[in-house]
Every structure is written in structure tokens, then in C-alpha cells.
Ligand code: NAD
Ligand code: UDP
């Protein structure tokens, strides 16, 4: 098959391109390099099945493809809040352009949605049937509401135009090729510990997240995309739940050194807790995570040790 991956030069997109190339597909990777980089896919440059396109998803695109994975969107709060209007445009116009192309060429189209559609959840863990508690006017809204509108557009193109859609709701994912300056918690803590800097805990560190290793997540993507009859939305994430203090302790224990904790104000609308209910993924995709947080952290620490200047 010929497959388009928007946001393909980012953290998740580059791992997805790798798996698709391994499976023998032709891959068109489209990116504007806002948070991604060519270096994430440089190892694929000589491969005749791989093509890189500099393009912004907010502008329409035409390519003949069988499948489209729409991943283009900054994912880390400091990056998506840098230009919030652009973030909403990226989600909304990116969805419209991906769906318009899918309609035109008859491709199956996949949306990288997010656990952020649940906002600061009152239901715990979060099943797909939960509609969420999202602030429509806060500093995270450009991302959360943009992704919610994208889901709406996916379902309306599906109902109105019979477009073949798939939607995955991704919970916090980490691993090699995260940008060291990305600002997300796993990369921040590891890079700080490796550099001997204080680990920055926002708030009192009792908020929780569930961390999925990237290889597990990509396996879930491929299973959903290539399964008939299951449209989603479907949660993909690791149900292990940890406080940020627990995460910091693990990273310090693994990296060693004299790193201490420093406490900073909690950013606005930061969700208090988050944990996926993965019953649907287990039932429909026979999917569940295989990499524990300890194992995934070891692999990620190894990656950063070899790639950043400490
Ligand atoms: P990332 O920032 O590494 O990747 C996003 C990619 O999209 C980058 O390569 C970036 O340059 C590109 N991009 C951004 N705006 C664009 C635009 N207007 N046009 C073209 N390309 C553009 O983040 P990631 O973690 O790889 O996230 C990928 C997708 O998965 C995003 O849609 C994100 O919302 C979603 N997601 C990720 C997580 C996670 O924990 N990693 C969680 C939930 C959802
Ligand atoms: N966080 C933190 N220190 C950091 C970065 C993040 O304590 O240096 C916290 C942040 O406030 C949030 C959690 O870690 O409660 C996860 O943050 P991240 O930005 O990785 O993802 P998201 O909030 O989008 O789930």
C-alpha cells in the first residue's frame, strides 16, 4: 500500500514510518518541522519506498494513497500553547484536509486523537463512552477542543460521506526520539537528571498520568488501522498509573547522581488524574501494553544518554 503520514517527522510519526517501511509499504511522510525534524527520519532517506514532503496540513494536499495517518499537531503543552490559534487551525484544517483527501481517493483515514478529550476527568479510569470535562476557554483548550472538533469532523465525514475512518485516543506516550526540549514530563525529567539539574515538579507532584512506551502504541495504531469494522474512538495507553513524584523517584534512581526536586506552580487546567480503560482495545484489537514503565524508562534513558550533551 501507499501510506501518507502527516506529522511523520515527529516522535510518534517517525516510529510509525519505520514500522510501515518494515512492512513493505510505500510511505509519504509530510511535515512542516514545527516540532519534528528531518533527523528523526534521516535513516530512511536512501529507501526507495520513502518520500519526505515539507508541507503544512492547514493547506490542502493531493496525493494518491491507500491510507492516511493524520498525526500532524504539536503535542507538548509549551509547544501547542506557543501559537494556540495555529494549534486549533492545525487540528481542524488538518482533519478537514485529511478527510477531504480520503473522500477523494477512497483512502482509509486515521486520526491521532488524545486522552485530552477527557479534560480533567471526573470518571476514573476513562472509558471511551465518557464525554469528558474540558474547559473551552483555557490555555489547554486550543489543543483539547481542536482534537474534539477533529473527532466530530471524522464522524460527520463518516456518516455524511461514508469515509472510512479510524480514531485512536492516545494516552501519554514516551520513548526514544522525543525532543529533549519538548517540555513533556518524561523527557524533561530524564534530561534534567542526566544533566545533573534539579527535576522540575509542577504543583505538589501528586497528579497522575499513565505512560505508554512508543512501540506498544504503534502496534495499537497498526492493529486498529488494519482491522475492518472497528472505527473507534478507542483508547490506546498503558493503565499503570503513577504520580509525578513517583516518576521523578524512578528516574533519579535509574540515572543516579545528586539530582534534587524543585517545585514550580502547576500550569492552568492541568488534569489531576489520567488512566485509560483499555477494555475495548483488548476486546477488539487483542491489544495490551507489553513494556513496563521501568523497562521503557531504561530504554529511553539509554537513548538520551547517547544523543544529548550532558
Ligand atoms: P510531535 O510534536 O513530536 O509530532 C508532531 C509532528 O507534527 C511534528 O513532526 C511536527 O513538526 C508536525 N506538525 C505540527 N504542526 C504541523 C502542521 N501544521 N503541518 C504539518 N506538520 C505539522 O508529537 P507526537 O508526540 O509525535 O504526537 C503526534 C500526534 O499524536 C499528535 O497529533 C498528538 O496530538 C498525538 N498525541 C500524542 C501523545 C503523546 O503522548 N505522544 C498523546 C496524545 C496525542
Ligand atoms: N510536569 C511536571 N514537570 C515537568 C513537566 C510536566 O511536573 O517538567 C507535569 C505536568 O504538570 C503534568 C504531567 O507532568 O501534570 C504531565 O505533563 P506533560 O506535559 O508530559 O503531559 P500532559 O499534561 O499533556 O498530560
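The values are calculated or read from the model by the stated rules, or taken from the named source; none is laboratory data. This structure is a prediction, so every number in the text was calculated from the model and none was measured. Ideal geometry is used to build each Cβ from the backbone, glycine not excepted, and the neighbour counts take in all protein chains shown.
In segment 30-51 there is at least one residue that is in contact with a strand residue (DSSP E or B) (Cβ under 8 Å, 6 or more places away or on another chain), within 9 Å of ligand 1 (Cβ to nearest atom) and in a loop (DSSP other than H, G, I, E, B).
If you go through segment 182-219, how many residues are away from ligand 1 (no atom under 12 Å from the Cβ), assigned to a helix (DSSP H, G or I) and in contact with a strand residue (DSSP E or B) (Cβ under 6 Å, 6 or more places away or on another chain)? Residues that pass the stated criteria total 2. One residue stands out among those in segment 272-294 that are touching a helix residue (DSSP H, G or I) at 6+ places or on another chain (Cβ under 8 Å) and part of a loop (DSSP other than H, G, I, E, B): the one that is surrounded by the fewest Cβ atoms within 10 Å (Cβ to Cβ), which is 286. For segment 175-201, the tally of residues that are within 8 Å of ligand 2 (Cβ to nearest atom) and either over 21 Å from the mean Cα position of the chain (by Cα) or on the phi > 0 side of the Ramachandran plot (or both) stands at 5.
Yes or no: residue 224 outside any loop (DSSP other than H, G, I, E, B), touching a residue at least 24 places away in the same chain (Cβ under 8 Å), within 15 Å of ligand 1 (Cβ to nearest atom) and closer than 18 Å to residue 197 by Cα? In short, no. For segment 237-262, the tally of residues that are within 16 Å of ligand 1 (Cβ to nearest atom) and under 20 Å from residue 187 (Cβ atoms) stands at 7. Of the residues that make up segment 109-119, is at least one without any contact (Cβ under 8 Å) to a residue 12 or more places away in the chain and away from ligand 1 (no atom under 12 Å from the Cβ)? For segment 109-119, residues without any contact (Cβ under 8 Å) to a residue 12 or more places away in the chain and away from ligand 1 (no atom under 12 Å from the Cβ): absent. Mind listing just one residue for me: the one in segment 94-108 that is without any contact (Cβ under 8 Å) to a residue 60 or more places away in the chain and within 14 Å of residue 7 (Cα to Cα) and, of those, surrounded by the most Cβ atoms within 10 Å (Cβ to Cβ)? So the residue we want is 95.
Residue 203 meets the conditions (1) farther than 23 Å from residue 35 by Cβ; (2) assigned by the TED database to the domain that holds residue 298; (3) crowded, with 16+ Cβ neighbours inside 10 Å in every case but one. The failed one is (3).
If you check residue 41 against the conditions, is it surrounded by 15 or more Cβ atoms within 10 Å (Cβ to Cβ), over 16 Å from the mean Cα position of the chain (by Cα) and farther than 28 Å from residue 152 by Cβ? Yes. Take the residues of segment 58-80 that are within 16 Å of ligand 2 (Cβ to nearest atom) and out of contact with any helix residue (DSSP H, G or I) (no Cβ under 7 Å at 6 or more places or on another chain): which is nearest to residue 163 (Cα to Cα)? Only one residue fits best here, namely 75.
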